[in-house]
Structures are given as structure tokens and as C-alpha cells.
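The values are calculated or read from the model by the stated rules, or taken from the named source; none is laboratory data. Predicted model only: the values in this text are computed from it and were never measured. Because the Cβ atoms are built from the backbone with ideal geometry, glycine has one as well, and the counts that use them run over all protein chains shown.
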Amino acid sequence: MATKKGAKPAPLDPKVTRKLLEKLATDNDFRRLFKKDAHAALAQVGYKVEAGASSAGGCMQLAPTDRIAPKAKIARDRAKLESALNVPVSFLCAKQFSAD
């Protein structure tokens with residue numbers, strides 16, 4: 001039985017990725033917004049969803065019980081995160097932003 005897949009997430013522009021990671025590594029208010037509403041946080045850093053695509057925010061949304069990774073960890077792993085986020089296939093889960 002074939003199942004229909006949903007729309008793929010719109011990819012992140014490299015400039016948006018850099019701004020996202022910078023704010024996650026430095027800005028407590030932005031980190032709270034990202035944890036609560038990843039799509040709104042992405043929109044704040046310039047992410048736009050293309051027609052026919054879904055938001056990457058849904059893929060990045062942390063569960064209410066998840067803790068966001070510490071700022072130092074995001075800063076330390078920034079190059080790795082940036083590489084992963086610039087490949088549309090990488091939108092697998094929010095685990096990369098989780099502290100656990």
C-alpha cells in the first residue's frame with residue numbers, strides 16, 4: 001500500500017542558517033522562542049517558506065520536555081550544525097538542538 005508523503009521542508013538559506021545559529025548561541029529570548037515555536041524563530045531570522053513546501057520549523061521543533069542545547073555547545077558545534085542544516089535531507093529531527 002502506497003502512502004502519500006507530505007511536502008518537503010523549504011531549505012534554509014546559508015545566511016539564515018548562520019543567523020539562526022548565532023542567535024541560538026547568544027540570545028536567551030530567541031532561544032526561548034525557538035523552544036516554544038521553531039517556525040516563528042526561523043521567520044525572525046529571515047526564513048521564508050516557498051509555495052508548496054512545509055516549514056522546517058516543524059522538523060526542528062523540540063518536544064515540550066526537551067531542553068535546548070546550551071549556548072556553548074551550539075557555539076562549539078556550529079560548523080557541524082551549519083553543514084547539517086544546509087542540506088535539505090538533514091531536516092530529520094530536532095535532536096541536534098536538544099541538550100540530551
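Structure notes:
- Some residue of region 48-58 being modelled with pLDDT under 95 and among the β-branched types (Val, Ile, Thr): yes
- Hits in region 49-68 (condition: over 13 Å from residue 20 (Cβ atoms) and in contact with an Asp or Glu (Cβ under 9 Å, 6 or more places away or on another chain)): 61, 66, 67
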